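The values are calculated or read from the model by the stated rules, or taken from the named source; none is laboratory data. Just so it is clear, the model here is predicted, and its values are computed rather than measured. Here Cβ is always computed from backbone atoms with ideal geometry, including for glycine, and neighbour counts include all displayed protein chains. These accessible areas exclude ligands, DNA and RNA; they are computed on the full protein's heavy atoms, side chains included. Shrake-Rupley method; radii C 1.70, N 1.55, O 1.52, S 1.80 Å.
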There are 2 protein chains.
Amino acid sequence: MESLKENLKEIVGKENVIVNRVDLLCYSNEMSPFKYEPDLLVFAKTTQEVSRILQYANKRKIPVTTRGAGTSVVGAVLPRKRGIILDLTKMDKIKTIKTEDFYAIVEPGVVLDKINKNLAKHGLFFPPDPGSSVACTIGGMAATNASGVRAVKYGTTKDWILALEIVLVDGTIFKAGHPVPKSSSGHSLVQLFVGSQGTLGIITELTLKVAPLPRYRATISVFFDTLENAGRSVTDILIAGVNPAAMELMDKNCQIVVNKVFNLNLLETEGFLIIELDGNEKAVKEDIKVVEEKCMKRNGKNFAWTDDPKKAETLWEARKVLVPSIAKMRAGYVMMVLAEDPGIPISELGDAIREIQGISRKHGITIATFGHAGDGNIHPTMIVDPSSSEDWKKVKLVEKELMTLVLKRGGSISAEHGIGLSKIPFAKAGLGVSLDVMKRIKKTLDPNNILNPGKLGLDTGEREEPGNLFYEGLAHVGEEFELKRYKNEIIKCFRCGICRAVCPTFDYTKLETTNARGRVLLAYFFLTKEIKPSEKLLEAFNKCTLCMHCTMACPPGIVVSEIVETARRDMAKMGFTDPVHKAIAENVMKHNNPFGLDAAQRLELAKTLEVL
Amino acid sequence: MESLKENLKEIVGKENVIVNRVDLLCYSNEMSPFKYEPDLLVFAKTTQEVSRILQYANKRKIPVTTRGAGTSVVGAVLPRKRGIILDLTKMDKIKTIKTEDFYAIVEPGVVLDKINKNLAKHGLFFPPDPGSSVACTIGGMAATNASGVRAVKYGTTKDWILALEIVLVDGTIFKAGHPVPKSSSGHSLVQLFVGSQGTLGIITELTLKVAPLPRYRATISVFFDTLENAGRSVTDILIAGVNPAAMELMDKNCQIVVNKVFNLNLLETEGFLIIELDGNEKAVKEDIKVVEEKCMKRNGKNFAWTDDPKKAETLWEARKVLVPSIAKMRAGYVMMVLAEDPGIPISELGDAIREIQGISRKHGITIATFGHAGDGNIHPTMIVDPSSSEDWKKVKLVEKELMTLVLKRGGSISAEHGIGLSKIPFAKAGLGVSLDVMKRIKKTLDPNNILNPGKLGLDTGEREEPGNLFYEGLAHVGEEFELKRYKNEIIKCFRCGICRAVCPTFDYTKLETTNARGRVLLAYFFLTKEIKPSEKLLEAFNKCTLCMHCTMACPPGIVVSEIVETARRDMAKMGFTDPVHKAIAENVMKHNNPFGLDAAQRLELAKTLEVL
């Protein structure tokens, strides 16, 4: 372990090898309800470094799990077999934007929104648009084959990557694909690596296909009394030749959630559709008429549309705030992100959601269902008490029934988030012999199984081991902590990582430990006694500037500063005070001066510190 | 060999195992300038049969090369290591069209036009559209990742396949993908198998994604004085946000060819663009204005557009007849289909074509260049005398320079036809380490290398062996044959296979031997003495009904009936007459009655024949 650390430091520099458990705990989870701690966290800054790390790790059979922003929802970036977390967020350069050839070359750690901001200057955009665009990295999107609300028109990440630079497990660096719009030269390796969640090789550069920005947009909203009518309208609209840029469906539970939490005024019918049309203004306006006609035929209610970006924003807000709203719905309850993104045939949307509502009633577990109706991708979302073992049992039953429903309809167990860790128990049933073929490809490209082991069902059909459930700690919450008051606020954090976009200390360090999400996580592990108080832990809380940028950006609006201040107090009571703070306090008490030295002495000291 | 034949007959029935060399020669080539004879031709009718054939062949390490309509242009379907040609054209059922879910399930042997005719009844279409749509099979399209003029808007075959049933080399049958619009469940096996040209497994069923038919179409034509201006207009139009359904470029040579052969009245400028727009009528009409403005800025000439399908047809005719026109250009000359479909960055189109013209001048080989400008896919087409060893030497030099030009520009050595056999010498340079990764995947999925061996550069970097050049036989044309008069007509056949769509005897047998292309091929091999006269050969010529359907459909308009009649005469001179014909002739001479029997006798005979 010591030599491992030293050897890695030789490759990436000592500031890029992190071994303290306080730091590592911040990399032990994401949105999934699982938890796995790594042995080390390593930042690579170049393809060469990635290559050397893999060569080194492969020889010693040390697991390597690649991570971008950690916005995965299926445990894809959790180090299941410990080993190295390889963080690529410091590889964040936009290398080329070639407007006239419609491609951009970027490093894997670039955040999607940064790419699109830069492309917009050229009148271009990269269409796949996961909800986490403000934080997620393009490398993570490629690893997941991510998409979002626009997939119905624009497809998924795998449709928008022309070429990749990949490092194989033995350190070989190669390029798959070409920076041209079309290619049929050999096996489609680009598509094989996209969506492979770091199990086959590591993506160190991406050539993205980009498109001109649409010239006009309009957003439609319409309500339906039955899910069948909402679902059938989706099909009718598509068959009529309308090609919407987005087509989102929310069930009644979702509308209730949004109304309650955001004081919106949705009708609370069985089905609510938001449809975005983009392109030529005249064509969009004609299509709006077609959409209206189709919806009216299915008894659509309160049909409305707007091309005012501000009004559209309000409509999309209802959709965007949905996930965080669910998290805010009931104090002490959390979203249980499992079986959360199946793909089903479009024509079965209404039926499937009604069946899901039946499952919800049967088990007494609230499920809010929304989704990308235009591509049959739904998000049934369970809301449960994570400290209730009863609820956890029900979650397992509901999960199984949701997956059975999907398989029965010939669907895909994951339409956009990937199998990762969460869906492993259903990989065999969902993939059949395909899983064996995947295993053979995995074996030939990663014979020692060091690349993100324990994922996709490639080496095990199990996902749960003792101690790997994130919420297990709730059974051991310290009664003695003042922080206990904030337990529900802490578990409201569903670890989406959006705060990475705004936290000033994270922006400087690129380390989760000094990010809002990391601090809330540490508060959770402190409260559940999974981590002991230490100078290092105190440092993590103390580095927070209490600026509250995170609270502004946080989907469920968590007041991280209060959590941090309370944790600091609890730590002080336990005898942990920052030596600098302590010295200042003592000086003030003793000298009425925070420095404890007079001006002349301070000047001398400053000179020795090379400040002046 | 005898037991092989018997065992295969047990699997597929005796009528589906073909071993006669006359038949097999008809499967020894396609549009590429190469020739390889198989040991057997086998038709499979079910997935189970394919599975049993592979199990059998894999155990005995017998090569299996899968074939659809044989419209490949790169030697992809040639049995390089002999063995079995597995013909899937009898698996030609459209199993399901699911309008409301936008998919269709089809067998691999269905011809593309048949699929689209059936889809059109539901207002749907399958967008990828190779020029061979009248004959090519969907399985072949998937194996090649075929595209066509519409790829600029609609993408290629790999973008339109949701799921595949695949038979692995050990006979395992499995499904990759799901019949839903979006999936991120595990590695993208669908895309891995699409474009793999039968090297990884055999596709026995396809779930196609389909789209609503566009509601309106318009076609634009415009000429440019320089290739740079034509090329830049392409980029300008795309950057302006116009999303054309097709965007075709022809150089001056192409315009001359079309004008000369079809009496069209094209301007004969350096560059000619045909652009198709589809979708909403108002949007298309606005886009036409944008296109006009962009072209005028680049000194476009004779800008014209039409939404009259008949007029548009005339414009597209110029594009469609181009390939056959090239074949008709000069008696005794042929298109040399090599280095024929590179992909290059769109912005370098003009430069690249000018460079190609330089290569043409340097070597004194006519090259006509056209292509799908919107996706940087160009088709430089050499026109050469195939019996000139001088020309053949030049062809090799030109091919190498064309490929060097592509590699220099970071392009793809094949944008739509695949590497197959033809591009093997450039696979290493074009793919680099990717080729090694492909080899590893190949090795794990086909350890005995029986699936289409000798292709894609997976097992050899060479493509030429003694005796495998199609036109070699021209050195041995029999002076004694009357057929010699038709030599130029025979080599005008570039073996595109379009006649499969119309030949009545082929329609009945599904065997190339009784198709126009097969008969012309046999005439060629007879003339070049690569096949000896035999009863079987005579039968192939005699089964032609001389209906001339093929001539009507044949792109270069070859009068197959004259070739066949002349071959029959040559064979008669050599003592080969059909025994039935001979008997009829003798009876007429002797009895003045073709039957040689009186009515009562014929009635008795008919009874024994169970005709009555």
Checklist line | q = 0.08 Å⁻¹: log10 I(q)/I(0) that the Debye formula gives for chain A, counting C-alpha atoms only | finding: -0.59
Item checked: All-pairs alpha carbon distance profile, segment A:253-339, 10 Å steps from 0, percent -> 15, 39, 30, 14, 2
Notebook entry, point to check: Over the protein assembly as shown, what percent of the accessible surface lies on carbon and sulfur atoms, probe 1.4 Å?
Noted result: 53
Next item on the list: Along Cα→Cβ, 7 Å out, is where each label goes; now give me the distance between the ones at B:Thr226 and A:Asn20 in nm to one decimal.
Entry: 6.3
Next item on the list: Could you work out how far helix A:516-527 tilts from the main Cα principal axis of chain A, as a 0 to 90 degree angle to the nearest 10?
Entry: 70
Checklist line | Amide H contacts of A:Ser184 (H built 1.01 Å from N, under 5 Å, at least 5 apart or other chain) | finding: B:Ser414, B:Ala415, B:Glu416, B:Gly418
Notebook entry, point to check: Taking amide hydrogens as modeled 1.01 Å from N in the peptide plane, which residues meet the under 5 Å criterion relative to A:Ile161, leaving out close sequence neighbours?
Noted result: A:Lys209
Checklist line | Helix A:281-297 axis, angle to chain A major axis (alpha carbon atoms, nearest 10°) | finding: 70
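Which value at 222 nm does the protein assembly as shown reach when only helices count, each DSSP H run of 4 or more adding -39,500 (n - 2.57), with the total divided by all residues and rounded to the nearest 500 deg cm²/dmol?
Numbers: 48 runs with 484 residues, N = 1224.
Dividing the helical sum by the residues of the protein assembly as shown leaves -11500 deg cm²/dmol.
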Next item on the list: Take every DSSP beta bridge whose two residues both sit in segment A:59-204, then give the antiparallel share in percent to the nearest 5.
Entry: 75
Margin query: Under 5 Å between amide hydrogens, which residues at least 5 positions from B:Thr381 or on another chain qualify, with H placed 1.01 Å from N in the peptide plane?
Written below: B:Ala368, B:Thr369, B:Phe370
Notebook entry, point to check: Taking one equal scatterer on every alpha-carbon of segment B:376-438, how large is log10 of I(q)/I(0) by Debye at q = 0.13, 0.26, 0.28 1/Å?
Noted result: -0.40, -1.23, -1.33
Next item on the list: Determine the residues within segment B:436-470 where the difference in accessible area between the chain on its own and the full set of protein chains amounts to at least 30 Å²; count protein heavy atoms only and use a 1.4 Å probe.
Entry: B:Val437, B:Met438, B:Arg440, B:Ile441, B:Thr444, B:Leu445
Check: Mind listing the phi-derived Karplus ³J(HN,Hα) values for segment B:189-196, rounded to whole Hz, using 6.51, -1.76 and 1.60 with θ = phi - 60°, and x for any glycine or proline?
Finding: 5, 4, 5, 5, 6, 5, x, 7
Notebook entry, point to check: Taking Cα pairs under 8 Å and at least six residues apart, what relative contact order does segment A:155-284 come out at, in percent?
Noted result: 26
Checklist line | On Cα atoms only, tilt of B:560-573 relative to the major axis of chain B in degrees | finding: 30
Next item on the list: Would you mind working out the accessible area per residue for chain B, using a 1.4 Å probe, and quoting it in Å²?
Entry: 36
Check: Quick one: which of A:177-188, A:210-221 comes out on top by average Cβ neighbours within 10 Å, and what's the full order, highest first?
Finding: A:177-188, A:210-221
Item checked: Values of log10 I(q)/I(0), in the order q = 0.13, 0.21 Å⁻¹, for segment A:376-529 under a Debye, Cα-only, solvent-free model -> -0.85, -1.29
Note to self: Can you work out the Karplus-derived ³J(HN,Hα) for every residue in segment B:464-476? Use 6.51 cos²θ - 1.76 cosθ + 1.60 with θ = phi - 60°, whole Hz, and x for glycine or proline.
What the structure shows: 10, 10, x, x, 9, 9, 4, 8, 3, x, 4, 6, 10
Checklist line | Contour minus Cα-Cα distance for A:Thr509 and A:Thr608 (0.36 nm per residue) | finding: 33.0 nm
Notebook entry, point to check: Ranked highest first by average number of other Cβ atoms within 10 Å, how do A:46-55, B:516-525, B:411-420 line up?
Noted result: B:411-420, B:516-525, A:46-55
Next item on the list: Could you work out the mean count of beta carbons from other protein chains within 10 Å of each residue's beta carbon in B:410-423?
Entry: 4
Item checked: Ascending list, in nanometres, of distances separating the A:Ala606 label from those of the other copies (7 Å, Cα toward Cβ) -> 12.4
Margin query: Between segment B:130-191 and segment A:391-451, how far is it from one alpha carbon centroid to the other, in angstrom?
Written below: 22
Check: Considering only the label points, 7 Å along Cα→Cβ from Cα, what distances in nm to one decimal separate A:Ser389 from the same position in each other copy, shortest first?
Finding: 8.9
Check: In Å², rounded to the nearest 100, what is the total accessible surface buried by chains A and B against each other with a 1.4 Å probe?
Finding: 6500
Next item on the list: Provide a whole-number value for the mean count of partner chain Cβ atoms within 10 Å of the Cβ atoms in peptide B:424-433.
Entry: 3
Next item on the list: Calculate the tail of P(r) for the protein assembly as shown: the fraction of all Cα-Cα distances greater than 44 Å, expressed in %.
Entry: 44
Next item on the list: Using the Karplus curve 6.51 cos²θ - 1.76 cosθ + 1.60 with θ = phi - 60°, work out ³J(HN,Hα) for each residue of segment A:327-337 in order, rounded to whole Hz, and write x for Gly and Pro.
Entry: 5, 8, 3, 8, 4, x, 9, 9, 6, 9, 7
Checklist line | Against the rule of thumb 2.2 N^0.38 Å, how large the Cα Rg of segment A:116-235 comes out | finding: 1.28
Checklist line | DSSP bridge pairs, chain B: antiparallel proportion in percent, nearest 5 | finding: 85
Item checked: For segment A:312-459, radius of gyration divided by Kirkwood radius, i.e. Rg to Rh on alpha-carbons -> 1.01
Note to self: Please report the antiparallel percentage of DSSP beta bridges with both residues in segment A:28-143, rounded to the nearest 5.
What the structure shows: 40
Note to self: Please give the Cα centre distance for segment A:86-110 versus segment A:284-349, rounded to the nearest Å.
What the structure shows: 32
Item checked: Relative packing of B:27-38, B:543-554, which averages over residues the other C-beta atoms within 10 Å, highest first -> B:27-38, B:543-554
